[in-house]
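> Here you go, one structure.
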Amino acid sequence: MSAQGTPAAAGKTTRTPKGAWTITFLLFLFMLVNFADKIVVGLAGVPIMTDLKLTPEQFGLLGSSFFFLFSIAAIVVGFIVNKVPTRWVLLALAVIWALAQFPMVGTVSFTTLLICRIVLGAGEGPAFSVAAHAIYKWFPDEKRTLPTAILSQGSAFGVILAVPALNWIIVNHSWHYAFGALGVVGLIWVAAWLALGKEGPLEDTQISAATEPKIPYLQLLTSRTFIGCVAATFGAYWALSLGLTWFTPFIVKGLGFSQSQAGFISILPWVFGATIVILTGWISQVMMARGYNTRVARGVLGSVPLVIGGLILAMMPHVQGAGLQIAFLVVGSGLCGAIYVVCPPMLGEFTPTSQRGAILAIYGALYTLAGIIAPAVMGATIQRAGSTLDGYLTGFTINAVVMVGSGVIGLLLLWPNTEHVRLTRGAAAQAAPLKGAVSPT
C-alpha cells in the first residue's frame, strides 16, 4: 500500500498543473548552471595550481572554501522560503552566482579566488533545497520522485555539457575566461527565469501555515528518517565533492593524462551518475504505483547503491592499469547518486508544507558539510603520501569507507512511511486540545 494514505493509495491522483514541466526544465537548467560553477575549479585545477604556485593542501583548502558559508546560507534561506515566494529567492541566488564569477576574469591572487569561491558557495548553498521546494508546489507527493531526479540531473548535465566547453576555453585561451563564460551563462538564466518563472499552484505556504498542524522542529530534526537522510547523503556528497575538486587533477597528475584528455575523461562519472539517477527516479515511481511503501521504494532503493558503490570504490587501489582504475572510480562514485533522488521526497512525506523549505535546507546544510571535509582530507593525504598516486588511492579508499558506512545507516534508519504516521498523529493529538479550548461546541 502507499506510504501515507495519499490520494494515490485510494486510486486517485492529483492532476499535474499545466506548466509544471516547463518549470521543471528551467530548474533543471538552474542546477546545470549551479554545477558548472562548482566544477570549474577542479577542471582548471592544474593550471590554477601552476599559475598561483599552490601546494596540494592549499588547493584542497580552495576546494573546501566553497562550502564555508554553504550550510549557513542554506539554513537561513530555508526559513526565508517558508514565507517568501521561491520565484524571487531563486532569482536572487542566480544573480549572486553570476556576479561572483566576473572578478576571476582578470589577474587574481589566491586570496581573491578564495573569497569569490566563498561568496559563490553562500549563493549556491540553498540552491537544491529551494529548487526542490519550488517543484513540490507543482507535483503531488506520488509524482515527485521523477521531477526530483530530473532536477538532480542538472548537476550531471552541468558537468557533461560544461566540461568540454570550459576545458576548450582553458586549453585554448585561459582558465580566467572560463569563469567569465559562466558568469554570462548565469545572467542568461536570470533573464529566462524573469520571463517564465512562476510559483506553483498546488500549495500556498502562507495558507498552509495557518491551517495545517505544525510539528515541532526538534521532532522533525531528530526523527530517524531525517537523521538517516543526512547520514546517507553525507557519504554520497563526500564522493561528489572529491569529484568536483580532485577528479581532473587525479587524471592529470595521478595517471599522467593531458589536460585535453582529462577534460573528456572527467565527463564519465557524470554520464554514469545521470543514468543511475534517472533510473532511480523512474523505478521508485513505478514501485510506488504498484503498491510498494516508501520504505522500500525510496529508502532501500537509495541506500543499497551507496553500499555497493563503496565496495567497488574500495577495490580501486587493488586493480592494475589506468583504465580499470578509472572504471572502478566512475562506477563506484556514480552509484551514490541514487540517494539524492529519494531523500527530498521522503522528507516531504512527513514535513508540513509550511515547514518543508526549512527542513530541506537544514538537511542540505548538514550533508554538504562533507564538502568542507573531503577535499581538505584528500589534499592532506596526497601531500603526506609517499607518491602522488598512492595519496590519491588512499584518499579514494577513505571515500569508500565513508560511503559504505553511510549506506548502512540509511538502510537502518530510512522509514518515511511509519515516520509520517507517527509524527502526524502526534501533531494532531497536540492540536486537538487547543482546538477544543477555543471551540464553542
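> Can you run down the residue pairs with Cβ atoms below 6 Å, 6 or more apart or on separate chains, where the first is in the range 333-362 and in contact (Cβ under 8 Å) with a residue 24 or more places away in the chain and crowded, with 24+ Cβ neighbours inside 10 Å and the partner is among the aliphatic types (A, V, I, L, M) and not in a helix (DSSP H, G or I)?
As it stands, the answer is 357/81, since those pairs meet every condition given.
> Could you grab me the full set of residues in the range 215-230 that are under 20 Å from the mean Cα position of the chain (by Cα) and buried (at least 21 other Cβ atoms within 10 Å of the Cβ)?
Passing the criteria: 225, 226, 228, 229, 230.
> Follow-up question, since we're still on this one. Would you tally the residues in the range 76-100 being hydrophobic (A, V, I, L, M, F, W, C), under 19 Å from the mean Cα position of the chain (by Cα) and at pLDDT below 90?
Here the count works out to 2.
> What tally of residues in the range 382-404 results from selecting those that are of a type in the set (S, T, N, Q) and within 21 Å of residue 39 (Cα to Cα)?
So the answer is 1.
> Related question: What number goes with the only condition from (1) farther than 24 Å from residue 398 by Cα; (2) open to solvent by 20 Å² or more (accessible area, probe 1.4 Å) that residue 298 does not pass?
(2)
> May I ask you to list the residues in the range 242-292 that are among the aromatic types (Phe, Trp, Tyr), more than 18 Å from the chain's Cα centre (by Cα) and open to solvent by 10 Å² or more (accessible area, probe 1.4 Å)? It would help to see each step written out before you state the result.
Keep residues of the range 242-292 that are among the aromatic types (Phe, Trp, Tyr), which gives 246-247, 250, 257, 264, 270, 272, 282, 292.
Now drop any that are not more than 18 Å from the chain's Cα centre (by Cα), which leaves 250, 257, 264, 282, 292.
Correct list: 257, 264, 282, 292.
> Can you confirm whether residue 65 is over 25 Å from residue 191 (Cβ atoms), of a type in the set (Gly, Ala, Ser), open to solvent by less than 10 Å² (accessible area, probe 1.4 Å) and modelled with pLDDT under 90?
Answer is yes for this residue.
> Would you tally the residues in the range 301-320 being open to solvent by 10 Å² or more (accessible area, probe 1.4 Å) and closer than 12 Å to residue 341 by Cβ?
Residues flagged as open to solvent by 10 Å² or more (accessible area, probe 1.4 Å) and closer than 12 Å to residue 341 by Cβ within the range 301-320 amount to 2.
> Exactly one condition in (1) more than 20 Å from the chain's Cα centre (by Cα); (2) modelled with pLDDT of 95 or more; (3) over 27 Å from residue 326 (Cβ atoms) is false for residue 398; which is it?
(3)
The values are calculated or read from the model by the stated rules, or taken from the named source; none is laboratory data. Model, not experiment: these values are computed from the prediction. Virtual Cβ from ideal backbone geometry, glycine too; neighbours counted across all protein chains shown. Keep in mind that these areas ignore ligands, DNA and RNA; they rest on the heavy atoms of the full protein, side chains included. Shrake-Rupley method; radii C 1.70, N 1.55, O 1.52, S 1.80 Å.
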